[in-house]
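The values are calculated or read from the model by the stated rules, or taken from the named source; none is laboratory data. Since the structure is predicted, the reported quantities are computational estimates derived from the model, not experimental observations. Reconstructed Cβ throughout: ideal geometry from the backbone, glycine too, with neighbour counts over all protein chains shown.
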Amino acid sequence: LPPLPSPPSSWSGTSPFAFAFDIDGVLCHSKTPYPSAKPTLHQLQCSSVPFLFLTNSGGETEQARATTLSERFGLTINDTNIVQSHTPFQRIASEGKLPPAYDPYVPGGRKFANSVLVVGGPTDGSCRLAAQQYGFKNVVLVEDFLVKYSAAVGNNPSTLWPYRSVSKNIRKFAKPLPCLRSGEVMPIDAIFIFNDPRDWGLSIQLLLDIMIPALEGNTAEKPPPPLIFSNPDLLYATSHPAPRLGQGAFRAALEGTYRRVVEATRPELDPQMKYACIGKPFQETYEYAEDLLVKLAKLAKKEPVGAEDQLKRVYMIGDNPLSDIQGANMFKSPRGVEWVSVLVETGVYKPGQSFPPGGEPKIVVKDVWSAVQWALEKEG
Ligand code: G3P
Ligand code: MG
């Protein structure tokens, strides 16, 4: 690959532009980096051009992801260079209560007095660790309930979801749940879908157990827990020839089952499942990313010289018009930073496909190398 154009040497304390890279379909497919990903990132790091990874994937702590990406791309990546689908939940944990917009049942939101249920990700408890690092105190997982409703030892089917035996590995990472009187529902203050569940049936069964009976006793004092997803992607790119079902597909399955079960068993209730969602293309996630980029853009810890010495532009390099491109095009920057959407042809989007409303990019390029080359030449 020819060397990338070198960035302008006229910078003072702050880089005037930065990059936000989507991961799946732009830098790698499954665990394999695209050929031009490493040289592109190396060139940017050598030229002190700030960048971060803005991904709807997740399932582990930002530090664990930074270690994996450092090894995969052969350069030093810190946890402050990464925004995963669930990373913005840190703000909710530190505030100790849900923003009103996320809670359809309690105007003004509710405090976390009891547990929060974290759904998805590997069964090794890595999402529990991520949630605890964000500041959530009592974190319970689907696997904790799976073990609770199974025989004390051995690899037995769980009555919670009879198609799933409780393996040694699941027992190893599960945590005991408080004993409940029969019929009592565990007090859950919020349900966060951190990542794609590895067992949709089990997760749907438990979520309906928690969300529907609470409506039976639904009182102002005991409303059902609000449900917040972290990624709306119906499909995403892997090394499979066709895009794979993402967290948005799980949500569609849950929503359809919720509707049918309420219609069949609780016809007095509203069969439309209520939920909130962050992740690309939503404002909260881009705001969180821009806050990080402003910090990363301060070069070599020099203080900005003046109003002119600010981050002015972010190039969002993505493969999915419905998340990466729509998000950058719709984002309202609180600082007036311009987000320029650049679509690559290596992931979900294929040449010749039409764009969804709001999902038309500034430019379509072959791959991540071409995207960065175009941006650096534009910056002159
Ligand atoms: O689960 C990951 C998928 O939804 C998309 O990941 O990196 O393309 O935003 P990414
Ligand atoms: Mg992608």
Can you name the residue in the stretch 35-48 that is of a type in the set (A, V, I, L, M, F, W, C) and surrounded by fewer than 23 Cβ atoms within 10 Å (Cβ to Cβ) and is also farthest from ligand 1 (Cβ to nearest atom) among such residues?
-> C46
For the subset of the stretch 311-344 comprising residues that are of a type in the set (S, T, Y) and out of contact with any Lys or Arg (no Cβ under 6 Å at 6 or more places or on another chain), which member is surrounded by the most Cβ atoms within 10 Å (Cβ to Cβ)?
-> Y315
Taking the residues in the stretch 12-34 that are under 28 Å from L234 (Cβ atoms) and surrounded by fewer than 20 Cβ atoms within 10 Å (Cβ to Cβ) as candidates, determine which candidate is nearest to ligand 2 (Cβ to nearest atom).
-> H29
Would you point out which residue out of F89, F51, F112, F73 is under 19 Å from V314 (Cα atoms) and in contact with a strand residue (DSSP E or B) (Cβ under 7 Å, 6 or more places away or on another chain)?
-> F51
What do you reckon, is P361 of a type outside the set (S, T, N, Q) and either under 23 Å from A297 (Cα atoms) or away from ligand 1 (no atom under 16 Å from the Cβ) (or both)?
-> no
Hey, among S85, S94, S57, S48, which residue is out of contact with any Pro (no Cβ under 6 Å at 6 or more places or on another chain), away from ligand 2 (no atom under 16 Å from the Cβ), touching a residue at least 40 places away in the same chain (Cβ under 8 Å) and not in a helix (DSSP H, G or I)?
-> S48
Pairs where the first residue, in the stretch 106-131, is farther than 17 Å from I228 by Cβ and the second is part of a strand (DSSP E or B) and modelled with pLDDT of 95 or more, C-beta under 8 Å, 6+ apart | G125/L141
Check whether at least one residue in the stretch 10-28 is at pLDDT 90 or above, among the hydroxyl-bearing types (S, T, Y) and assigned to a loop (DSSP other than H, G, I, E, B), and report yes or no.
-> no
Residue that is surrounded by the fewest Cβ atoms within 10 Å (Cβ to Cβ), among those in the stretch 57-68 that are touching a strand residue (DSSP E or B) at 6+ places or on another chain (Cβ under 7 Å) and within 19 Å of Y34 (Cβ to Cβ) = S57
Exception for S239 within (1) modelled with pLDDT of 95 or more; (2) within 29 Å of L129 (Cα to Cα) falls at (1)
